[in-house]
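The values are calculated or read from the model by the stated rules, or taken from the named source; none is laboratory data. Bear in mind that the values here come from a model prediction, so they are computed numbers and not experimental data. All Cβ positions, glycine included, derive from the backbone under ideal geometry; neighbour counts span all protein chains shown. Quick note on the areas: whole protein, heavy atoms, side chains included, nothing else; ligands and nucleic acids left out. Shrake-Rupley method; radii C 1.70, N 1.55, O 1.52, S 1.80 Å.
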Amino acid sequence: MLEQFNSSQRVQELTGRVERCCCRYCGSPLEIKRITFSNFEDARLEIFCTKCDRIEYGTEPEIYKCAKYFVEHYDFNWYTYMDENAQTQQMTIAKICDILSWQNRLLGFMNQDGFAVPLHYDKDIFSESLTLDDEMLDALDAEEKG
């Protein structure tokens, strides 16, 4: 069984995912780690997010950006029965990543190696923006003049 988890084919698959994917929870890069599950010396290779400190299979960065944009700009919360906080938001983004990945695989846009078709999307939509109200604009104008 252990050989299956450390076979060269699995290592190649994990390496490919680490090179192209990011964490579904925080968007950080992933790495491969040897994880020990008990006091036994047996260990297996897994994809790991060091920022979240969790085993994570990852998602395509474009899917993460879409999910994050959706959750933040539409105030979407999958876990309505939980307190709204940063952890709930991360969990919601991860859930939307799962949904988008499932849809893209079902429609044939993705396969096990990532996107199977060229992507055409507006990258500017994911750029950072700031919303200012009139009071904030007046304060900025006063600061500039003063």
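Amide hydrogen proximity for G58: with H placed 1.01 Å from N in the peptide plane, the residues at 5 or more positions away or on another chain lying under 5 Å are R24.
Scale the Cα Rg of segment 78-126 by the rule-of-thumb value 2.2 N^0.38 Å and send over the ratio, two decimals.
On the way: Rg = 14.1 Å, N = 49, 2.2 N^0.38 = 9.7 Å.
So segment 78-126 has a normalised radius of gyration of 1.46.
For segment 25-104, with all protein chains in place and a probe radius of 1.4 Å, 49% of the accessible heavy-atom surface sits on carbon or sulfur. When R105, R54 are compared by accessible area at a 1.4 angstrom probe, the order from most to least is R105, R54.
On the beta carbon distance between E84 and Y57, with R0 = 25 Å, the FRET formula returns roughly 0.45.
Per residue, how much accessible area does segment 19-110 have with a 1.4 Å probe, in Å²? That works out to 64 Å² per residue. Rounded, prolate or oblate: which fits segment 36-123 when a ≥ b ≥ c are the square roots of the eigenvalues of the alpha-carbon gyration tensor, with rounded for a/c under 1.5 and prolate only if a/b beats b/c? Since a/c reaches 1.5 but b/c is at least a/b, the shape of segment 36-123 is classed as oblate.
Spin-label pair Q9-L107: with each label point 7 Å from Cα along the Cα-Cβ axis, the two points sit 3.1 nm from one another. Can you spot the lysines whose alpha carbon is less than 28 Å from K51's alpha carbon? Ignore those fewer than 8 places along the same chain. Once the sequence-local lysines are set aside, what remains near K51 is K33, K65, K68, K95, K123.
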